[in-house]
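Undergrad: Handing you a structure now.
The values are calculated or read from the model by the stated rules, or taken from the named source; none is laboratory data. Keep in mind it's a predicted model, so treat the numbers as computed, not measured. As a convention, Cβ positions derive from the backbone with ideal geometry for all residues, glycine included, and neighbour counts pool all protein chains shown.
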Ligand SMILES: [Mg+2]
């Protein structure tokens, strides 16, 4: 039994299919980038992201066509550039709101999040996707808006997911002792970092997202339903 007061969850491979991000969200942003920037070029957030992208590309005076080409190249390379993540978050937000795009969560996830929330366990997200992208994904799922279940969101502005210091920062931010928290992920190195920081850790081994022959030294579960049977409120 895992006794916990707060759960911090990863998204890709944990609450949601990796293929959704790779095969749906990334192509969606790629396809809508130019039109989105053209329609919102004077929005201060978009203007700032374009300037930042030009600087990050080492060409501060680049024109829009050059910056857009760079952003597409970053999408193709899965480069986690902040201005790109900002624009992707905005494009996805518009997509969810206007086109009925749904944020993928596995079918077992909403009911278990609701159970934990009702039991008084505080829920947090820690993902490499931007906080905007995290919120819009959970706001538009097949089970409706799940954002009221979460108490907070963390992304890589808190620090890299494979470093213990990031988890200490999350514990400090949320006011929990690290040992009162449980971190969920499909990635062994992230779980190792969380353990090093004193958090409890559990690995999701979702069949669709788990490499063949994967092993783990952490408690492991095929889905949230199996995990939930093992989690108690501290
Ligand atoms: Mg993951």
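Undergrad: Of all residues in the stretch 57-82, which are over 23 Å from the mean Cα position of the chain (by Cα) and in a helix (DSSP H, G or I)?
TA: 64, 65, 66, 67, 68, 69, 70
Undergrad: Tally time: how many residues in the stretch 194-204 are out of contact with any strand residue (DSSP E or B) (no Cβ under 9 Å at 6 or more places or on another chain) and within 16 Å of the ligand (Cβ to nearest atom)?
TA: Matching residues across the stretch 194-204 total 0.
Undergrad: A follow-up question, please. State whether one or more residues within the stretch 138-146 are in a helix (DSSP H, G or I), crowded, with 19+ Cβ neighbours inside 10 Å and more than 16 Å from the ligand (Cβ to nearest atom).
TA: No, the conditions are met nowhere in the stretch 138-146.
Undergrad: Report, by residue number, each residue of the stretch 178-199 that is in contact with a helix residue (DSSP H, G or I) (Cβ under 7 Å, 6 or more places away or on another chain) and either without any contact (Cβ under 8 Å) to a residue 12 or more places away in the chain or under 21 Å from residue 116 (Cα atoms) (or both).
TA: Hits for the stretch 178-199 are 178, 181, 183, 185, 186, 194, 199.
Undergrad: Hey, another quick one. On the basis of being within 30 Å of residue 195 (Cα to Cα), at pLDDT below 95, touching a strand residue (DSSP E or B) at 6+ places or on another chain (Cβ under 6 Å) and within 16 Å of the ligand (Cβ to nearest atom), does residue 8 make the cut? It would help to see each step written out before you state the result.
TA: Working: within 30 Å of residue 195 (Cα to Cα): yes; at pLDDT below 95: no; touching a strand residue (DSSP E or B) at 6+ places or on another chain (Cβ under 6 Å): yes; within 16 Å of the ligand (Cβ to nearest atom): yes.
The answer is no for residue 8.
Undergrad: Something else: Can you find a residue that is part of a helix (DSSP H, G or I) and without any contact (Cβ under 8 Å) to a residue 60 or more places away in the chain anywhere in the stretch 123-130? So that I can check it myself, show each step before the final result.
TA: Of the stretch 123-130, the ones part of a helix (DSSP H, G or I) are none.
No, there is no match, as no residue in the stretch 123-130 is part of a helix (DSSP H, G or I) and without any contact (Cβ under 8 Å) to a residue 60 or more places away in the chain.
Undergrad: Please find, among 101, 87, 113, the residue that is under 26 Å from residue 59 (Cβ atoms) and crowded, with 17+ Cβ neighbours inside 10 Å. Step through it out loud before you land on a result.
TA: Numbers: 101 fails: under 26 Å from residue 59 (Cβ atoms); 113 fails: under 26 Å from residue 59 (Cβ atoms).
One residue alone meets the criteria, 87.
The rows are residues; the columns are (1) closer than 30 Å to residue 198 by Cα; (2) within 16 Å of the ligand (Cβ to nearest atom).
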site: 3; (1), (2): yes, no
site: 22; (1), (2): no, yes
site: 25; (1), (2): no, yes
site: 38; (1), (2): no, no
site: 59; (1), (2): no, no
site: 99; (1), (2): no, no
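Undergrad: Name every residue in the stretch 96-110 that is part of a helix (DSSP H, G or I), closer than 30 Å to residue 227 by Cβ and out of contact with any helix residue (DSSP H, G or I) (no Cβ under 6 Å at 6 or more places or on another chain), in order of residue number.
TA: The answer is 110, and nothing else.
Undergrad: A further question follows. Evaluate the stretch 101-124: report whether one residue or more is under 25 Å from residue 52 (Cα atoms) and either within 16 Å of the ligand (Cβ to nearest atom) or more than 13 Å from the chain's Cα centre (by Cα) (or both).
TA: Of the residues in the stretch 101-124, the ones under 25 Å from residue 52 (Cα atoms) are none.
No; the residues of the stretch 101-124 include none that is under 25 Å from residue 52 (Cα atoms) and either within 16 Å of the ligand (Cβ to nearest atom) or more than 13 Å from the chain's Cα centre (by Cα) (or both).
Undergrad: Which of the residues that make up the stretch 135-156 are touching a residue at least 24 places away in the same chain (Cβ under 8 Å) and over 21 Å from residue 115 (Cβ atoms)?
TA: 136, 140, 154, 155, 156
Undergrad: Could I ask something else about it? Can you name the condition, by its number, that residue 151 falls short on among (1) in contact with a helix residue (DSSP H, G or I) (Cβ under 9 Å, 6 or more places away or on another chain); (2) within 13 Å of the ligand (Cβ to nearest atom)?
TA: Single failed check for residue 151: (2).
Undergrad: Looking at 27, 44 in this structure, which one is free of Cβ contacts under 8 Å to residues at least 40 places away in the same chain, loosely packed, with under 14 Cβ neighbours inside 10 Å and closer than 30 Å to residue 204 by Cα?
TA: 27
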